[in-house]
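Participant: Questions regarding the structure given below will be posed in turn.
The values are calculated or read from the model by the stated rules, or taken from the named source; none is laboratory data. Just so you know, these numbers come straight off a predicted model, no measurement behind them. Neighbour counts are summed over all protein chains in view; Cβ atoms, including those assigned to glycine, are modelled from backbone coordinates with ideal geometry. Side chains are part of the model used for accessible areas, which takes the heavy atoms of the whole protein and leaves out ligands, DNA and RNA. Shrake-Rupley method; radii C 1.70, N 1.55, O 1.52, S 1.80 Å.
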Amino acid sequence: MTSFAESKRMPGSEWLKDRPRLLEAVYRGSEAGLRLLYPVLRRVLPAGWTERVFVWSEEVSKGYLFNCQMCGQCILHSTGMTCPMNCPKNLRNGPCGGVRQNGNCEVIPDMPCVWVQAWRRDAQMERYGGEIQLLQRPVNRSLQNSSAWLNLLEGVDAQGPPGWSAIELE
Amino acid sequence: MANSDRTTAASDWESRSGESRLRRVLEAGQFAVTAELEAPDSADPEDVFANAAKLGGVCDGINATDGSGANCHMSSVACCALMAQAGYEPVLQVSCRDRNRIAIQGDLLGAAALGVRNVLCLTGDDVSAGDQPEARRVFDFDALQLLRTAGIMRDQGVLLSGRKLTTPPAYFLGAAANPFVPPQDLRHLRLAKKIEAGAQFIQTQYCFDVPVFEAFMRRARDMGLHGKVHLLVGVGPLRSERAAEFMRSRVPGVHIPDAVVERLAKTPRKSKREEGIRICVEIIEQVKQIEGVHGVHIMAYRQEETVPEIVERAGLMREKPKE
């Protein structure tokens with residue numbers, strides 16, 4: 001039943017995840033790098049290959065570091081560089097009321113609550129710290145397994161559901 | 001259905017479509033009492049009426065749980081509709097565990113059409129807590145997205161898709177808070193976010209640890225949250241130390257300090273029940289003094305008949321607004 005890959009926790013990734021300031025610097029760097037690289041790749045690679053390259057590199061890098069679930073709409077920098085899709089309830093706006101007294105998950109008793117970690121790490125972050133209080137809109141499930149980087153660069157789903165965005169724009 | 005019945009149903013709706021009575025009580029600055037209905041494992045409406053009758057006389061609102069503890073019972077929409085029909089003031093609990101956004105928005109419309117005016121938006125206990133742990137967990141929304149969506153339907157008159165509603169629901173919107181589980185020192189931030197997402201009232205998880213709750217309220221007051229939301233503290237009588245032990249080990253999110261369990265353990269068997277009620281009344285008296293507390297939410301699981309006694313002994317009896 002537990003497809004939650006905390007069991008697949010990678011060596012070294014925990015150490016890195018507890019250095020959210022380093023990670024947010026890497027995040028900012030890679031965002032800038034990708035913005036430069038994207039038009040080049042677009043021109044050089046045959047049709048469809050840009051996406052393949054992005055998906056593959058995201059699976060490898062974010063998969064290793066954050067146990068990325070490929071939701072295709074990354075908000076890592078707003079959640080203490082902790083992937084919220086690792087929460088068995090897929091919560092994007094904070095911890096549920098079921099957190100155990102030892103700080104572990106209600107559903108997976110030996111896994112630390114994703115959100116307890118996220119809140120602690122967010123407090124240490126310099127640039128994006130505090131963004132954890134932003135209200136995150138419902139997940140666009142149709143973006144599952146697509147590249148969040150590409151979706152960001154191409155403005156896919158920048159608006160969110162029409163009813164929801166009407167509020168965001170206010 | 002005959003035409004005259006339809007007319008009656010429509011005029012019924014007109015008469016019920018007014019504002020939430022729970023909201024009126026809270027906004028008048030009265031100390032509100034809500035309680036949790038035991039949703040029956042039954043297809044008989046009489047079971048709902050019988051359970052609601054135990055609570056109706058002393059409560060400003062009655063919550064119908066949505067598969068609490070991930071166990072299947074009569075649906076919260078149905079319980080609420082029956083209660084509204086009988087003149088009670090139902091609070092519809094909606095959890096994100098079992099339904100996706102399409103089903104939830106449909107239920108929100110349907111419940112409003114059936115006379116429900118109060119909605120409590122919850123994440124929901126995980127399927128693993130219940131007696132059908134092999135079920136699929138949905139969690140398409142989280143509690144805050146649900147809360148905001150209900151607000152969008154009410155205030156913008158549209159569904160999430162942007163499609164217009166001819167008559168939007170008029171909901172008094174609530175959310176839960178659990179100050180008693182980690183990270184306790186940051187739980188007020190989640191409260192702030194829920195208020196931001198549209199929560200007008202809050203019902204908390206069981207409070208058995210008043211100092212922890214006080215610290216939570218102090219932090220909430222420091223952020224000015226106490227003036228922005230009506231907060232009802234969750235309380236309930238414990239039947240025995242065994243019940244307490246069961247709740248804190250098996251029901252997600254319930255924290256009961258050892259001192260409370262020991263106090264029950266030391267009580268002779270005959271008077272355990274009475275001691276449980278006494279603890280509950282004491283907690284109500286203590287939280288009532290805390291600035292920013294606007295009421296209590298009594299969850300007397302399988303001992304609903306004790307609710308009137310608790311309300312009476314805590315000095316919360318008053319003339320309830322007439323139907």
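Participant: Please indicate, with yes or no, whether at least one residue in the range B:188-208 is open to solvent by 20 Å² or more (accessible area, probe 1.4 Å), in a loop (DSSP other than H, G, I, E, B) and modelled with pLDDT of 95 or more.
Facilitator: Looking through the range B:188-208, at least one residue is open to solvent by 20 Å² or more (accessible area, probe 1.4 Å), in a loop (DSSP other than H, G, I, E, B) and modelled with pLDDT of 95 or more.
Participant: Before we move on, is B:V91 away from chain A (no Cβ under 13 Å), among the β-branched types (V, I, T), crowded, with 19+ Cβ neighbours inside 10 Å and touching a residue at least 60 places away in the same chain (Cβ under 8 Å)?
Facilitator: It is true that B:V91 is away from chain A (no Cβ under 13 Å), among the β-branched types (V, I, T), crowded, with 19+ Cβ neighbours inside 10 Å and touching a residue at least 60 places away in the same chain (Cβ under 8 Å).
Participant: Name the residues in the range A:78-115 that are buried (at least 22 other Cβ atoms within 10 Å of the Cβ), among the aliphatic types (A, V, I, L, M) and in contact with a Pro (Cβ under 7 Å, 6 or more places away or on another chain), would you?
Facilitator: Across the range A:78-115, the qualifying residues are A:M81, A:L91, A:V99, A:V107, A:V114.
Participant: Out of B:G236, B:G227, B:G276, I need the residue that is loosely packed, with under 14 Cβ neighbours inside 10 Å and of a type outside the set (V, I, T). Which one?
Facilitator: The unique qualifying residue is B:G227.
Participant: Out of curiosity, is A:V116 assigned to a loop (DSSP other than H, G, I, E, B) and of a type in the set (V, I, T)?
Facilitator: The answer is no for A:V116.
Participant: Here's another thing I want to ask about it. Out of B:K228, B:K193, report the one residue that is over 26 Å from B:G130 (Cβ atoms), basic (K, R) and within 14 Å of another protein chain (Cβ to nearest Cβ). Give the steps one after another, and end with the answer.
Facilitator: Working: B:K228 fails: within 14 Å of another protein chain (Cβ to nearest Cβ).
Testing whether each residue is over 26 Å from B:G130 (Cβ atoms), basic (K, R) and within 14 Å of another protein chain (Cβ to nearest Cβ) leaves just B:K193.
Participant: So which of A:S146, A:S142, A:S165 is more than 9 Å from every other protein chain (Cβ to nearest Cβ), out of contact with any His (no Cβ under 6 Å at 6 or more places or on another chain) and either open to solvent by less than 10 Å² (accessible area, probe 1.4 Å) or part of a helix (DSSP H, G or I) (or both)?
Facilitator: Sole residue among the options that is more than 9 Å from every other protein chain (Cβ to nearest Cβ), out of contact with any His (no Cβ under 6 Å at 6 or more places or on another chain) and either open to solvent by less than 10 Å² (accessible area, probe 1.4 Å) or part of a helix (DSSP H, G or I) (or both): A:S142.
Participant: Of the residues in the range B:62-84, how many are in contact with an Asp or Glu (Cβ under 9 Å, 6 or more places away or on another chain) and either without any contact (Cβ under 8 Å) to a residue 60 or more places away in the chain or not polar (S, T, N, Q) (or both)?
Facilitator: 15
Participant: Looking at the range B:141-159, which of its residues are facing chain A (nearest Cβ under 7 Å) and either over 30 Å from A:I108 (Cβ atoms) or surrounded by fewer than 22 Cβ atoms within 10 Å (Cβ to Cβ) (or both)?
Facilitator: B:I152, B:Q156, B:V158, B:L159, listed by residue number.
Participant: Shifting gears a bit: Out of curiosity, is B:A243 under 23 Å from A:P109 (Cα atoms) and among the small types (G, A, S)?
Facilitator: yes
Participant: Do any helices (runs of 4 or more DSSP H) entirely within the range A:13-110 hold 1 or more residues that are within 13 Å of chain B (Cβ to nearest Cβ), and if so, which?
Facilitator: none
Participant: While we're on this one: Kindly indicate the residue of the range B:160-185 that is more than 8 Å from every other protein chain (Cβ to nearest Cβ) and polar (S, T, N, Q) and also least open to solvent (accessible area, probe 1.4 Å) among those meeting that condition.
Facilitator: So, considering only residues that are more than 8 Å from every other protein chain (Cβ to nearest Cβ) and polar (S, T, N, Q), the one least open to solvent (accessible area, probe 1.4 Å) is B:Q184.
Participant: Now, a different point. Hey, does the range B:147-159 have a residue that's closer than 30 Å to B:R313 by Cα and assigned to a loop (DSSP other than H, G, I, E, B)?
Facilitator: Checked against the condition, which is being closer than 30 Å to B:R313 by Cα and assigned to a loop (DSSP other than H, G, I, E, B), the range B:147-159 yields no hits at all.
Participant: Criterion first (in contact (Cβ under 8 Å) with a residue 24 or more places away in the chain and under 20 Å from B:D125 (Cβ atoms)) does B:A175 satisfy it?
Facilitator: yes
Participant: If a residue must be small (G, A, S), within 11 Å of another protein chain (Cβ to nearest Cβ) and either out of contact with any strand residue (DSSP E or B) (no Cβ under 7 Å at 6 or more places or on another chain) or open to solvent by 40 Å² or more (accessible area, probe 1.4 Å) (or both), how many such residues does the range B:98-134 contain? Even if it seems obvious, please write down each step before you answer.
Facilitator: Taking the range B:98-134 first, the residues small (G, A, S) are B:103, B:106, B:110-113, B:115, B:124, B:128-130.
Retained after the next criterion (residues that are within 11 Å of another protein chain (Cβ to nearest Cβ)): B:124, B:128-129.
Within this subset, residues satisfying the condition of being either out of contact with any strand residue (DSSP E or B) (no Cβ under 7 Å at 6 or more places or on another chain) or open to solvent by 40 Å² or more (accessible area, probe 1.4 Å) (or both) are B:128-129.
The qualifying residues number 2.
Participant: For the range B:22-61, name all the residues that are touching a residue at least 40 places away in the same chain (Cβ under 8 Å), part of a loop (DSSP other than H, G, I, E, B) and open to solvent by less than 50 Å² (accessible area, probe 1.4 Å).
Facilitator: Passing the criteria: B:F31, B:A39, B:V58, B:C59, B:D60.
Participant: Sticking with this structure for a sec: Suppose we filter B:F180, B:F172 for residues that are within 20 Å of B:I290 (Cα to Cα), among the aromatic types (F, W, Y) and at pLDDT 95 or above; which single one remains?
Facilitator: None of the other options fit; the residue is B:F180.
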